[in-house]
1. Scan the stretch A:124-141 and give yes if some residue there is under 22 Å from residue A:187 (Cα atoms), modelled with pLDDT of 95 or more, under 19 Å from the mean Cα position of the chain (by Cα) and away from every other protein chain (no Cβ under 14 Å), otherwise no.
2. Check B:72, B:55, B:78 and return the single one that is assigned to a loop (DSSP other than H, G, I, E, B) and either free of Cβ contacts under 8 Å to residues at least 24 places away in the same chain or under 30 Å from residue B:32 (Cβ atoms) (or both).
3. Could you please give the count of residues in the stretch B:194-208 that are touching a Cys at 6+ places or on another chain (Cβ under 8 Å) and facing chain A (nearest Cβ under 7 Å)?
4. So, in the stretch B:23-52, how many residues would count as being in a loop (DSSP other than H, G, I, E, B), within 18 Å of residue B:431 (Cα to Cα) and open to solvent by less than 30 Å² (accessible area, probe 1.4 Å)?
5. Can you find a residue that is open to solvent by 10 Å² or more (accessible area, probe 1.4 Å) and in contact (Cβ under 8 Å) with a residue 60 or more places away in the chain anywhere in the stretch A:196-216?
6. Could you check residue A:202 against (1) away from every other protein chain (no Cβ under 14 Å); (2) of a type outside the set (A, V, I, L, M, F, W, C); (3) within 21 Å of residue A:177 (Cα to Cα) and say which number it fails?
7. Consider the stretch A:89-114. How many of its residues are open to solvent by 20 Å² or more (accessible area, probe 1.4 Å), part of a helix (DSSP H, G or I) and at the interface with another protein chain (Cβ under 10 Å from one of its Cβ atoms)?
8. Does residue A:181 satisfy being on the phi > 0 side of the Ramachandran plot, in contact (Cβ under 8 Å) with a residue 12 or more places away in the chain and in contact with a Gly (Cβ under 7 Å, 6 or more places away or on another chain)?
Amino acid sequence: MSSRRSLIAIGDLSRDEITRMLDLAERFSEVMRRDIKKVPTLRGRTVINMFFEASTRTATSFELAGKRMSADVINVKGSGSSVEKGETLKDTVLTLNAYQPDILVVRHRAAGAVAAAARYTQAAVINAGDGKHEHPTQALLDLYTLRRATGRLDGLHVAFVGDVLHSRVARSGAIALATMGAKVSFVSPPTLLPREAEAGLGVSTSSDIRDIADADVVYALRMQHERMGNGGFVPSLREYATRYGIGHHRLRPGQLVMHAGPMNRGVEITDELADDPTALITTQVESGMVVRMAVMYDLLTESGARTPEAVAEAVAA
Amino acid sequence: MSARLVQRPGQAASIVIRGARILDPIAGVDRVGDLVVRDGVVGGDAAGLEEVDGTGLVVVPGFVDPHVHLRTPGREDTEDIASGSLSGAAGGFVAIAAMPNTQPPVDDAQDLVRLLELAEHDAVIPVGFICAITKGQNGSQLTEAAELAELGAVALSDDGRPVSDAAVFRRALQYQRLAGLPFTLHEEDMHLSGGGAMHEGAVSARLGVEGIPAVSEAIAVGRDVLLAHYEGARIHVCHVSAKETIEEVRRGKSMGVRVTAEVTPHHLVLIDEDCEDLDAATRKMNPPLRGREDREALIAALVDGTIDCVATDHAPHGASEKELPFEEAPFGVTGLETAFAVLNTHLVRTGRMPLELLVRRMSGDAARVLDMPEPTLADGAVANLAVIDPEATWRVGADGFRSKSGNSAFLGEELTGRVTMTIAGGQIAWRT
């Protein structure tokens, strides 16, 4: 069992802890504006990225985040299916744990896999996405992006639109936003809305796309074909795009747009909007690295050692 | 043509329990006094027998479990007849019926006879065997039920899965008129359940774990109640988990359908909110732990008799399988060693149901659903009894398990009520 603090579900973090991590990310973002973008903060530490499911931006940003803090970063790719792969997960974790890593970053296709992995390592474990369950660092980077763009989180209204059912981004995002005092709604075809989402996640739900009008932020969710099995969740992507696809025509001036990527252009978001520089989509990607730096630093630092002086030292070249 | 319950030969018990509460709800007995067992039979002369101080203890008719998995043949690494029957003895059970979803499934005379032979050698309490409804449990071709009945099968079941094709199941019910065996049914609409791993509701919405809707079970029960009504057949519904299902059973009973039902200790005590940690070993089972309202309805239905009895659905699994991520681990938890203590702790001691009623639901009522003999403390009966210390507390798993598997839903929990002796089939099968 991991003896260090881990980040497996966003609900494990209090409002203060989230604020602290976002503040920390701000400090690391200053580092990224320097000529030399590397700090010695995690020198001598070992970070192992275990990605059992495909990833571009999450894997890259965790790797870069570790390297920018001078950690030794190792990437382990896994592929997988069904039962034996789960055994592989345990055995892989046990094996890697023998190298005494400080942080294990785990992505896996099954909900509960990261919690399972954390039972077999002493390292701090960071959930980089487990099935439809959670993606807490995505939620943190979304909060960071929003706080930068709007200056506040309390009272903000965010509407997640589309495939909520299969989305760990929406789940972690909704919990994180609620923790910070924001209002969350799910606007989704009835077939892609989890039953009892209101009770389970404290959100409001609607299947009428016009209900995004009240939102300050419209968060378009990727249609996750790979989690749909035999499909049939919507009659066709064409009908979905017509009814729920987000484009300029649905937005009022000043409404912010987000997407966690990868995008299905022409399905959940129009080409034009995807390329619109006022959308926060690229900012989200940029935020990813500094937020993950902050999370790694935070998890490896004892609470007493997180003084302003210590943080100043952490971001000093 | 009757069900065979098989036990290994052993020494007949001769013992007198002094000063215990003797509680036999079916016989209407509740007194403090001595209970004599001589040569494996209740009653007779106490002279010269070993004496046990029964002060503070309760002697009850032993428990019967119509639904266990002994993993034999195929997965003897997780349970076998010896370990499973000892596990039952430790829980106060005096008869258990094993489901046929083994590897391969028990679906013909040869399989059944071999198991009966094994049990004659290994079973410390009487064990019966349920055979498949369809060959290979594939849901299409009926097994040779008349022959299986002659050889002593207890019942028929495709447990682990439903007979999805209604026409096949209808023929099975028709054939019951020839074979006579009761059906004990795993009820689930597999299309609705999909790849679900827990109850569909607010908790699954939050956890992002694919849900198994309550109606998946209720729809299947509704179908089979109607078919049983139409064919005049008799069915038993396994492990009822949802309040909607209770309504289907109740409707069936009010229509005069011969339908009975069981509920597990874990469904009577735990709910989906207990799944937050995504620990498959203790929380993943099928049917899944349902909502708070479902649990309340299950307790009420067990009290009012809509649900006839308790069954454990004792489902051992190897540690390595249960260490898998929640969504990928197999369904099932063990239950034989904890069933009484769990329900004594959570239902009797909390005032939800009197001890007499719990004993009924775990003993005679449980035997009756599959026509197994009803344990009784009446003079002249073969001794099938449990001696209970109702105040003893113990921690689940603290001294291991008699089962080969440790996937108990109540691992680490402190429970009140312990079985100190089990006499099954006239033999002392368990003694602390």
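The values are calculated or read from the model by the stated rules, or taken from the named source; none is laboratory data. Model, not experiment: these values are computed from the prediction. We place every Cβ from the backbone using ideal geometry, glycine too, and count neighbours over all the protein chains shown. All accessible areas refer to the heavy atoms of the entire protein, side chains included, with ligands and DNA or RNA removed. Shrake-Rupley method; radii C 1.70, N 1.55, O 1.52, S 1.80 Å.
1. Yes: one or more hits.
2. Just one listed residue meets the conditions, B:55.
3. Residues that pass the stated criteria total 2.
4. Counting residues in the stretch B:23-52 that are in a loop (DSSP other than H, G, I, E, B), within 18 Å of residue B:431 (Cα to Cα) and open to solvent by less than 30 Å² (accessible area, probe 1.4 Å) gives 2.
5. Yes; the residues of the stretch A:196-216 include at least one that is open to solvent by 10 Å² or more (accessible area, probe 1.4 Å) and in contact (Cβ under 8 Å) with a residue 60 or more places away in the chain.
6. (1)
7. Here the count works out to 2.
8. Taking the combined requirement at face value, the residue satisfies it.
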